[in-house]
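Asker: Take this structure, written in structure tokens, and hold onto it; I'll ask about it next.
Computed from the coordinates by the stated procedures, all read-outs in this text should not be read as laboratory data. The model shown is predicted, which means the values in this text are computed figures rather than measured ones. Here the Cβ positions follow ideal geometry from the backbone for every residue, glycine too, while neighbour counts run over all protein chains shown.
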Amino acid sequence: MVREHKTPMNKIAFFNTLKKRQEIFSPLKKNRVTMYSCGPTVYDYAHIGNFRTYIFQDLLRRFLEYCGYTVIQVMNITDVDDKTIAGANREGVTLAEYTAKYTDAFLEDLARLNIERPEHMPRATESIDDMITMIQTLIKKKHAYESNGSVYFKIDTFKHYGKLSGKDLAMNIQGARIDSDEYEKDNLSDFVLWKAKKEGEPSWESPFGPGRPGWHIECSAMSMKEFGATFDMHTGGEDLIFPHHENEIAQSEACTGKPFVRYWLHCKFLLVDGEKMSKSKGNFYTLRDLIAKGHDPISIRYLLLSHNYRQPLNFTLEGIEQSKKAVQRINEFIKRMESHKVNNAISDEGDVLERVTACKAAFCDALADDLNIAEALAQLFNAVRIINNFADTNQIGKRTMQEIEEFITMIDAIIAVRTEHDVEVPNEILELVNGRQKARQERNFAEADRLRDLLTQKGWIVKDTKDGPVPERL
Ligand code: AMP
Ligand code: ZN
């Protein structure tokens, strides 16, 4: 009997950083998952270390979707901070112009890597009122205080401070304050919620005086705006556990009095020679760097996807070459099956069918075990070998082929590494591409964004090359 195999929802388990153990996943609402993922700061092109984390999130949501959940994901775009302001000043453009370029680039990179677009991608600068409201509540509840036009969160008013990262609140030096958004202090400090205006920086009016929000409050305000006080999952790279996520918990729970996030999932770093890939170390590749060297984004997707997210991954160019071969094997298998003629003369498909079903089940069960993709891919290639043998010996009957088709649907839905070439571009798409280009030349970025979104909805992205914009299938 063909058995539709999806891992039952009550068997899916993930490692929860908050609980420091693996737990069965059970969302607040049946069949619906609310997920918040910290997004990029759009001051430059994202590097592939960042994309390791975004691809982990993509695998997570694709797997949950395959298992029958509707996933609603919010990913913020940080379009105001020290780095974006410095970049805009350096280039002599407005902050909006400067960040629009890197937001576009980020969305294009997501599409090239087959990363599903989150349902909501709010910009920080569009959510300042929500942040101000939250800060006002925190002041009213005496969890925050004003000082010289800035506002700080007073960490010793939140007795659970440290519950995610394991930091000890006793290490807080009374009165110590930190203005910088990114810090790695063992001596814990009050952190900034609102920064008083500085000369030469954009600012917003607020009840505390002109200024701009700190980074941490951004994610609390934007997640709660969409999901309310409590939601299911929050994801990010391991560097965000402290201080960013610790601070998010403190200010959110202090504000609402309710638990903030139920499952925290963190992706380990992409490394280069044992060190974190990062802008500040200069040891990074952007996706564009690698494409310019002739690498295919789908092979890069596979490389970043194919290692378990809770283990560090060392990046090498040979790793991309190996991934390319794996992608080719998957694509060759799919093509072969699409044109394979079934053997209608087989009366009993029992054994063959059962083996294919078992491979499919093993693939899903591995992912249900804290996204064990390494095991899932081992099962996938085992299945490819077994099914190819059946095809060589003409043992694939009609029902077995149906099961294989479902298996391929599952690979496409979760792994998403199909490579297709020579696609013809319809006129309607060309017109949208030309319209977007014209809008950009006229610096009408809102219209350019609108047309880009329309293109994405229709399944296309635009690659901006030296020879002008080139549309590509998503
Ligand atoms: P950022 O733009 O620096 O805030 O980073 C965006 C996302 O990428 C965050 O979730 C970071 O934790 C993650 N990230 C940054 N560097 C790496 C790395 N080398 N490997 C994996 N994830 C990273
Ligand atoms: Zn965040």
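Asker: For region 13-272, what relative contact order do you get, as a whole percent, if you take Cα pairs closer than 8 Å and at least 6 residues apart?
Answerer: Worked out over region 13-272, it gives 23 percent.
Asker: Could you check what % of the DSSP bridge pairs in the chain are antiparallel, to the nearest 5?
Answerer: 50
Asker: Then there is this: Note down the relative contact order for region 136-286 as a percent, whole number, built from C-alpha pairs under 8 angstrom at least six residues apart.
Answerer: So the answer I get is 20 percent.
Asker: Which residues' amide hydrogens lie under 5 Å from the amide hydrogen of V33, considering only partners 5 or more residues apart or on another chain, with H built in the peptide plane?
Answerer: T70, V71, I72
Asker: Continuing with this model, one more query. Starting from the Cα of T94, step 7 Å along the direction of its Cβ; do the same at Q441; then give the gap between the two resulting points in nm.
Answerer: It works out to 2.2 nm between the two label points.
Asker: Now for a different question. By its C-alpha gyration tensor, with a ≥ b ≥ c as the square roots of the eigenvalues, how is region 1-156 shaped: rounded for a/c under 1.5, else prolate for a/b larger than b/c, else oblate?
Answerer: Oblate shape, in that a/c is at least 1.5 and b/c is the bigger or equal ratio.
Asker: List the trypsin sites (Lys or Arg not before Pro) within region 236-327 that fall in a DSSP loop (any state other than H, G, I, E or B) and whose Cβ has at most 13 other Cβ atoms within 10 Å.
Answerer: Here the trypsin sites (Lys or Arg not before Pro) that fit, given the DSSP loop and packing criteria, are K281, K293.
Asker: List the relative contact order of the chain as a percent without decimals, with contacts defined as Cα pairs under 8 Å and 6+ residues apart.
Answerer: Dividing the mean separation by the residue count of the chain yields 17 percent.
Asker: Which value at 222 nm does the chain reach when only helices count, each DSSP H run of 4 or more adding -39,500 (n - 2.57), with the total divided by all residues and rounded to the nearest 500 deg cm²/dmol?
Answerer: After summing the helix terms and dividing by residue count, I get -14000 deg cm²/dmol.
Asker: Let me ask something else about it. Which parts of region 311-339 would a label at D273 reach, counting a residue when its backbone N lies under 18 Å from a point 7 Å out along Cα-to-Cβ?
Answerer: 313-319
Asker: Let me ask something additional. Grab the beta carbon distance between I24 and H160, set R0 = 30 Å, and tell me the FRET efficiency rounded to 0.05.
Answerer: That pair, I24 with H160, gives E of 0.80.
Asker: Hey, another quick one. Are there chymotrypsin sites (Phe, Trp or Tyr not before Pro) in region 1-77 that DSSP puts in a loop and that have at most 15 other Cβ atoms within 10 Å, and which ones?
Answerer: Here no loop site has a sparse enough neighbourhood.
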